[in-house]
1. Taking the inverse of the average 1/r across all pairs of different Cα atoms in the range 1-79, what Kirkwood radius in Å do you get?
2. Tell me the label-point distance for the pair Asp115, Leu88, using the 7 Å Cα-to-Cβ offset, in nm and rounded to one decimal.
3. Could I have the simple spin-label model distance between Cys39 and Lys55, label points 7 Å from Cα toward Cβ, reported in nm to one decimal?
4. If you project the alpha carbons of the range 51-90 onto the principal axes, what extent comes out on each, in Å, largest first?
Amino acid sequence: MGFAIMSMTEAAANRVKAIVDNSGPEAKGIRVGIKKGGCAGMEYTIDLVTDPNAKDDVIERDGAKVWVEPSAVLYLLGTEMGFESTTLRSGFTFTNPNQTSACGCGESVELKPADLAALAAKGNAVAPAH
């Protein structure tokens, strides 16, 4: 049985829907990726999606859609995207089993590609979520 690249909490789904609702009729959801940067080596990226890329994987919860860049898939397998709002910060969070470290402020992370052989050994097949 296949599984989604990522999952998202109810709070994350609600925030994605709020972003889409406040971004006009062209908005479809958000796109998650990774880029090199920050003191730990990589940063998560989040962009508004108005024209979905057919090469992206898509996850959906309660009508909220999140596209995942193909180059980020191996780094995001098994990740849960959440959303938190505290007195100090408000934003998406990523609970990522592929994260090996993070910088002190939490804005950048060190990620390793998911071990596909280990996933296969557990009986999990990787399949696109769309």
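Quick note: the coordinates plus some simple rules give every number you see, no bench work behind them. For clarity, every value in this text was computed on a predicted model and none was experimentally measured. Glycine gets a Cβ as well: all are built from the backbone with ideal geometry, and neighbour counts include every protein chain shown.
1. It is 13.1 Å.
2. The two pseudo-label positions are separated by 3.2 nm.
3. 3.4 nm
4. Taking max minus min along each principal axis of the Cα atoms, the range 51-90 gives 38, 24, 18 Å.
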